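The values are calculated or read from the model by the stated rules, or taken from the named source; none is laboratory data. Keep in mind the model is a prediction, meaning the values are calculated, not measured. Neighbour counts run over all protein chains shown; Cβ positions are idealised from the backbone, glycine included. These accessible areas exclude ligands, DNA and RNA; they are computed on the full protein's heavy atoms, side chains included. Shrake-Rupley method; radii C 1.70, N 1.55, O 1.52, S 1.80 Å.
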Amino acid sequence: MKCPQCNHVSSEKAKFCCECGNKLSSLSTETAPDKSQDKSQSSSNIAHGPDKEKTDIRPESEVLGYHSVSVSPTRPNEDINNESQSSSNIPHGPDKEKTDIRPESEVLGYHSVSVSPTQPNEDINNSNPKKEKNHGSSVDPPVKPEHSQEQLKSVFTADQKYNESKSTSNEQISSSDRLIIHFHAVVSKDFKFKPEKNRIFVRAGSHIGSWDNDLAELHVLRDLGEHGFLMEGKCECRKTDAVSESIPYKYVVYKRKNNTFRYEYIYNPASKEITNRCLFVKPHLLTNGGEWHQYDDMICSEPSEPKSIINRVVDFVLSEQRKKIMKGREIAGSVMLETIFALLRCWSKINLSNFLCQLQQFYDVYSDPFVFEKRNVKWTSLNYGKKDVRKLLKEFMLKYVTPELLKDKKEKNAFIMEPLNAAVIMLYAWRRYRLELDSKALSRLCTALCLPKLPEEEFLSFWTDMTETFSVINNLIPSSADMVEVLIDMVKRDNMYNWIIVIPLLHLLKGTSKPFQPVFNPINSQLKKSWAPDPKIEVRC
């Protein structure tokens, strides 16, 4: 060790210079930090600045592990495309997906935890199935690794496809070309459907959908007790894609517990092909807002034991199976009619117009059912047609709309406040759908159509509203007056005289007289026919 005072070289262990006695210990303590600082700086090249990526000598697994642990818990909303400066071997920006060497399961697991809870595109109307189907979150019970990652991958892919289809369906469609399709159905108790745990979707084939994507989600409208749940859902599409086209579709039930999808089973025992429902939108029956209501019956599950075609046909015809299906269709049909007639609780010109359109849509769909088996074919094995729907509609209306047409029935109608409006709706349905009412019911209908006795001012206001009602009906039939004339003739033919009560209404509808004004037409054969259809009745001045 060299003495700074006399330049004499002493031994390394000496504390004092053996020549001049100068203390050497202070020099040793000053030189020691220099060596330590050099050593630390050589390693500090790894920890500071962007040069880290060039000189990081830690194992690759340690770097990846540090990145996944330090970023995920503290930044749950982090954009996976952001650049990282704390890892040397993970590329930056969009190239990350190309060169990320982590296992696929680790990547999917990271996305499911950090991205799913804060999805910005989540539908507040619960139309996106990802909330129910995501079983990869940390709050779910543990599952086997080989199954959990497959579930994550399938759910992640399904959600992407659902969002893509949803964004496509929400693209700009001109109002003239926009078609809104409403699906109505009753899910059977056979599915053991639980609204808080299960979900129901519609999937369709060509023109408006894909069997891999959900076209619409149905939501519970009403609990029907032992009969199941009334479900409703809707979707938007282009008229040019869907109108006058035979489109296959089916309802599918999602079971959250097992993360499985179960398609409904359509009973068509004579068919060897896969049977789907068939959607056919008729342009002349659309509402003014461009809406179509698809009224379906029961959504049933597949029988537990598969049978041969011959056995299925025999069971369908001879066993209780067909009776069960027919009963389910009757129950569903009655429920659908309730939803249609509910429009009339708030009587208005718009509601009446929508009611008449929806009732016609129901009649067409329900009385002439089709299925899709490579093409649209009539659902003959169901053996349910116009006669059955007429009976269903008649019984429903006699019970809930015009109970006064039945003997000893004093209940009020459940939907329409004004009795005359209810009688007009029955008159329209009787003529439009050829309901079979007996002579006594027709006679009571005449009584129900009697104009109310009101002061002149009140009656004029009342008749103004009735004129709007008949103007809506006249858009679907040639003339409201013709309906009244047919009713008069039918009651007359049965030698009943209640038809006389309807004559004032007939004159007002024909325009041969106005309220509280005399008839100015001269008495002639034509007037005689309009005022007194019975030739035995003479009209005298």
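Structure notes:
- Positive end of the dipole of region 383-487 (Cβ unit charges, origin at the Cα centre): among Pro403, Thr464, Pro478, the Cα lying farthest that way belongs to Pro403.
- Distances between placed amide hydrogens fall under 5 Å for Leu218 paired with Ile200, Phe201, Val202, all partners being 5 or more residues away or on another chain.
- Carbon + sulfur, % of accessible area of region 189-277 - ligands and nucleic acids excluded, 1.4 Å: 45 percent
- Surface per residue (accessible, 1.4 Å probe) for region 418-516, Å²: 49 Å²
- Residue-normalised accessible area of region 206-303, expressed per residue, 1.4 Å probe, Å²: 46 Å²
- Exposure rank, largest accessible area first [Glu226, Glu404; 1.4 Å]: Glu226, Glu404
- Neighbourhood charge, 13 Å Cβ-Cβ cut-off, centred on Asp223 and excluding it, Lys, Arg +1 and Asp, Glu -1: +1
- Prolate/oblate/rounded call for region 171-240, Cα gyration tensor, a/c under 1.5 rounded: prolate
- Karplus-derived 3J(HN,Hα) values for region 448-454, using 6.51 cos²θ - 1.76 cosθ + 1.60 with θ = phi - 60°, are 5, 8, 5, 5, x, 8, 10 Hz; glycine and proline are entered as x.
- Surface composition of region 418-516: carbon plus sulfur atoms contribute 49% of the solvent-accessible area (1.4 Å probe, protein chains only, all chains present).
- Amide H contacts of Ser210 (H built 1.01 Å from N, under 5 Å, at least 5 apart or other chain): Ala204
- Gyration tensor verdict on region 359-442 (Cα atoms; rounded if a/c is under 1.5, prolate if a/b is larger than b/c, oblate otherwise): prolate
- The 3J(HN,Hα) values that the Karplus relation (6.51, -1.76, 1.60; θ = phi - 60°) gives for region 198-206 are, in residue order, 10, 9, 10, 10, 10, 10, 10, x, 5 Hz. Gly and Pro appear as x.
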